[in-house]
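Throughout, read-outs are computed from the coordinates displayed, never taken from laboratory work. Bear in mind that the values here come from a model prediction, so they are computed numbers and not experimental data. All Cβ positions, glycine included, derive from the backbone under ideal geometry; neighbour counts span all protein chains shown.
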Amino acid sequence: MKTHDDKGIPHTSPRQSATFTNDINSDIRRAAATGIYDIRGGGAKRKVPSFDDLLFMGASISRYPLEGYREKCETSVTIGGRYASNPIELDIPITIAGMSFGALSGPAKEALGRGASAAGTSTTTGDGGMTPEERGHSNKLVYQYLPSRYGMNPNDLRKADAIEIVVGQGAKPGGGGMLLGQKISDRVAEMRNLPKGIDQRSACRHPDWTGPDDLEIKILELREITGWKVPIYVKVAGARPYYDTTLAIKAGADAVVLDGMQGGTAATQDVFIEHVGQPSLAIVRPAVQALQDLGMHRKVQLILSGGIRSGADVAKAMALGADAVAIGTAALIALGDNDPKWEAEYNELGTTTGAYDDWHEGKDPAGITTQDPELMKRFDPVEGGRRLRNYLKVMTLEAQTIARACGKNHLHNLEPEDLVALTMEAAAMAKVPLAGTDWWPGKSGTGF
Amino acid sequence: MQSFDLEAQGLRELNATLHAQADDTNQTAWEIDNPKGAHAIAVGLDAPIEVTVKGSTGYYCAGMNQQATVNVTGSAGPGVAENMMSGKVVIEGDASQYAGATGHGGLLVIKGNASSRCGISMKGINIVVHGNIGHMSGFMAQSGNMVVCGDAGDALGDSCYEARFFVRGSVKSLGADCEEKEMRPEHIEILKELLAEAECDAKPEEFKRYGSARNLYNFDVDNAAAY
């Protein structure tokens, strides 16, 4: 690069725009070339305030710890005792979030069931219905009741251990789903009652109810059909967590699943994923407040999802008042998604390990987010299940480690007082003190 | 005939009793008195029984029905026969919104009018409405047949897939990607059968057929204005 012009006057250094970054420019070029917005899988990739901005303080003179290898720290959780005669009993408070057969291959769904069952927790169906692989390998299976009602039938409903009415998803609050034609194989098309190869739209609203009063009646119908036996969850995106949680409780939910914007999707518009919704950190306390205001905290369970990666995240979510968490993207990574061993093939697809998110195209080198029979052969559901089990066990051990250090003999005993925040934003969202202070923005009586 | 007083015995008892009927039950005829607009009456049935509701019902009457025949002598609230899999549901009066929503099979007959979003997301159910249907009926309808002996409101069949709509009267407007289609002999046969089963004396030849133009099946930016 020339540093001076022909007269010897130095050039200024080339300066990249902070507004028109290379990433943004590539978005513009892609839009100009195709005329269609970018569709991808996964959750928000932008940096948002997160559980990484919180720290546990651990024990001190005022609080004493539990012995790591001798004293028990319980991890079990019961979900759905409010109305269901058969609530779900889980050994660990980490569940597998809803992911559809269609978005995932049958063997991948089988692996989720195997791993979850081996770890003593539940897995969840998704848009597209319940597959025999999934039901057969899941000791506890939550059946999602979605706006599209693809594959929805009363026989499978009665086989479920819980029902999750999906109102919203953290990656796309207010948006429906899509499954592009490449993934509408014969089996997927048959389950969804659609022509093969079309771009399938999933509705953003339920077809037969609108609003909280209707939801109450819908819950009544589902309970009547299933004999009031199984818990009914309501899943909402992290849009208006206080009001959505309040309305779900009033409509009769046994549990509320709250999904932050880091939560993944099989496919939606990138602009939706990155610009609609709230971070998981920001939505827990308003939801817990709603539960407390109605006297329902610990009676109606709160399950948080969206960007949960480690036992530390689990412990922090629970310290803020969640009863359990759900993982989706992290579970896929445990199965082998975005594994470096496929780097050459990711490069062929124009991406790299860790960044592969075109799950909707059905070309997943790892054989997980695909319906291509050849790619699916690469994935071993038994091995995948073992890996997921290991990962769930590690997360649980990590959460227990932290809980013991805070002197807690059950993960549910973690509390906001165990935490401090590293940033003002995190302090305000989590309502825990900024580290080194006894203050957070919005704390009552402080004038801020 | 088994009688059940809903007001006196309660909804839970009603549905539990009906669910307890096996395929070979000899208690095949049931009459429900005093429905008084209650919700979720006779939902989730799965036996070859005939249930007559003496009056009008609230939301989701006969929801997810399998095998059973459910007759409502009055009118039905929202979501009647939603997600029906098989069997038959007959409403003597009118039906509110979302009648037959997402139904996979069976026959829903509405002898009066049906409100908006009749047959929304239908997935194989057959619906015969003796009167008119409201706006956005057949929205995202996937398969099955909807027969309307009267008129259809705005945006019939918006974004539909392979469902067929037969309308005898006028259609106020068609929804995105819905168009009038040729009536072929096989469609006349379908209509004949459905009209007979729905006890409707309309003539198949009087109907026009509507369905998907299939232009929106795969996204094309040039069609963006249609969404």
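For A:Leu302, the residues 5 or more places off, or on other chains, whose built amide H falls under 5 Å of its own are A:Val256, A:Asp323, A:Ala324. Rounded to the nearest 0.05, the FRET efficiency derived from the C-beta distance between A:Lys196 and A:Arg29 at R0 = 41 Å is 0.80.
Classify segment A:41-414 as rounded, prolate or oblate, taking a ≥ b ≥ c as the square roots of the eigenvalues of its Cα gyration tensor: rounded when a/c is under 1.5, otherwise prolate if a/b is larger than b/c and oblate if not. Cα axes put segment A:41-414 in the oblate bin. Subtracting the Cα-Cα distance of A:Asp6 and A:Ala355 from their residue separation scaled by 0.36 nm leaves 121.3 nm. Taking chain A as a Gaussian network, where each spring joins two C-alpha atoms under 10 Å apart, which residue of A:Asp418, A:Asp293, A:Asp339 fluctuates the most? Per the Cα network of chain A with a 10 Å cutoff, A:Asp293 tops the list. Distance between the 7 Å Cα→Cβ label points at A:Glu348 and A:Glu274: 2.8 nm. Both the radius of gyration and Dmax for segment A:344-392 are 11.8, 32 Å, in that order, over alpha-carbon atoms. Working value for segment A:240-297: equivalent-ellipsoid semi-axes of 25, 12, 8 Å, each the square root of 5 times a Cα gyration tensor eigenvalue, largest first.
For segment A:312-448, lysine pairs with C-alpha atoms less than 29 angstrom apart, excluding pairs fewer than eight positions apart on the same chain, total 13. Taking other C-beta atoms within 10 Å as the exposure proxy, A:Thr246, B:Thr57 rank A:Thr246, B:Thr57 from fewest upward. Look at where the Cα atoms of segment A:186-204 and of segment B:36-84 average out, and the two centres are 29 Å apart.
The calculated FRET efficiency for A:Thr437 paired with A:Asp372, based on their beta-carbon distance and R0 = 45 Å, is about 0.25.
Around the amide H of A:Asp199, modelled in the peptide plane, lie the amide H atoms of A:Gly181, B:Asn218, B:Phe219, all under 5 Å away and 5 or more residues distant in sequence or on another chain. Computed extension gain for A:Ile36 through A:Lys299, at 0.36 nm per residue and net of the alpha carbon distance, reaches 90.1 nm. Annotation: amide H-H contacts under 5 Å for B:Leu108 (H modelled 1.01 Å from N, sequence separation of 5 or more, or interchain): B:Val89, B:Asn126, B:Ile127, B:Val128. Within segment B:12-49, find all residues whose amide N lies under 12 Å from a label point positioned 7 Å from the Cα of A:Lys229 along Cα-to-beta-carbon. Within reach of a label on A:Lys229, which here means backbone N under 12 Å from a point 7 Å along Cα→Cβ, segment B:12-49 contributes B:20. Put in line by how crowded their Cβ is, counting other Cβ atoms within 10 Å and starting with the fewest, B:Tyr59, A:Tyr83, A:Tyr391, A:Tyr356 read A:Tyr83, A:Tyr391, A:Tyr356, B:Tyr59. By the rule of a C-alpha distance below 16 Å, with chain neighbours fewer than 8 residues away ignored, the lysines paired with A:Lys172 are A:Lys45, A:Lys235.
From least to most packed, judged by other beta carbons within 10 angstrom and beginning with the fewest, B:Cys149, B:Cys200 follow the order B:Cys200, B:Cys149.
Of the chymotrypsin sites (Phe, Trp or Tyr not before Pro) found in segment B:137-170, not one falls in a DSSP loop while having at most 14 other beta-carbon atoms within 10 Å. For segment B:2-215, lysine pairs separated by 8 or more sequence positions, or belonging to different chains, with Cα-Cα distances below 14 Å total 6.
Here the dipole of the protein assembly as shown is about 1360 debye; that uses its Cα centre as origin and unit charges on the Cβ of Lys and Arg (positive) and Asp and Glu (negative).
At 7 Å along the Cα-to-beta-carbon direction for both B:Arg184 and B:Asp23, put a label point, then send me their distance in nm to one decimal. Going from the B:Arg184 label point to the B:Asp23 one covers 3.5 nm. Loop-resident trypsin sites (Lys or Arg not before Pro) (DSSP state other than H, G, I, E or B) in segment A:29-100 with no more than 15 further Cβ atoms inside 10 Å of their Cβ: A:Lys45, A:Arg46, A:Lys47, A:Arg63, A:Arg70, A:Lys72. Spin-label model, A:Thr78 to A:Thr21: label points 7 Å out along the Cα-to-beta-carbon direction sit 4.8 nm apart.
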